[in-house]
Amino acid sequence: MDAGETDFLGEISGVNVRYAVVLEPESVGGFSVTVPALPEVATQGESVVDAIANAREAIELALEVRRDQGDPIPPSDADSVVVQEISIALPAA
């Protein structure tokens, strides 16, 4: 961000918020992205970098719409999301 620019999230709440994003590889290539705290946000990108950039843009738009409609802005959730691997043994067919 250039000097003098205002961070969009700062305009909304006076502080920056951090949201967890879920990137899932697609079978045809690229990644789909969802944001658990903002169920209306879904996007994609050809690479992780593209997917994250698109997620940032989609989050900013969702927050702007929420602000304009008077809907609440969810608090940061990036530190509260837990990802755990679960191994399941499948029976032989």
Quiz item: Using the Karplus equation 6.51 cos²θ - 1.76 cosθ + 1.60 (θ = phi - 60°), what ³J(HN,Hα) coupling, rounded to whole Hz, does each residue of the range 56-67 give in order, writing x for Gly and Pro?
Solution: 4, 4, 5, 5, 4, 5, 4, 5, 5, 4, 4, 4
Quiz item: Taking Cα atoms of the range 8-69, Rg/Rh with Kirkwood Rh, to two decimals?
Solution: 1.02
Exercise. Treating only the Cβ atoms of Lys and Arg (+1) and Asp and Glu (-1) as charged, compute the dipole magnitude of the range 8-69 about its Cα centre; round to the nearest 20 debye.
Key: 240 debye
Self-check item: Relative contact order (percent, whole number), the range 29-70, Cα cutoff 8 Å, 6+ residue spacing
Solution: 33 percent
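We did not get these values from a lab; they are worked out from the coordinates using the rules stated. Since the structure is predicted, the reported quantities are computational estimates derived from the model, not experimental observations. Virtual Cβ from ideal backbone geometry, glycine too; neighbours counted across all protein chains shown.
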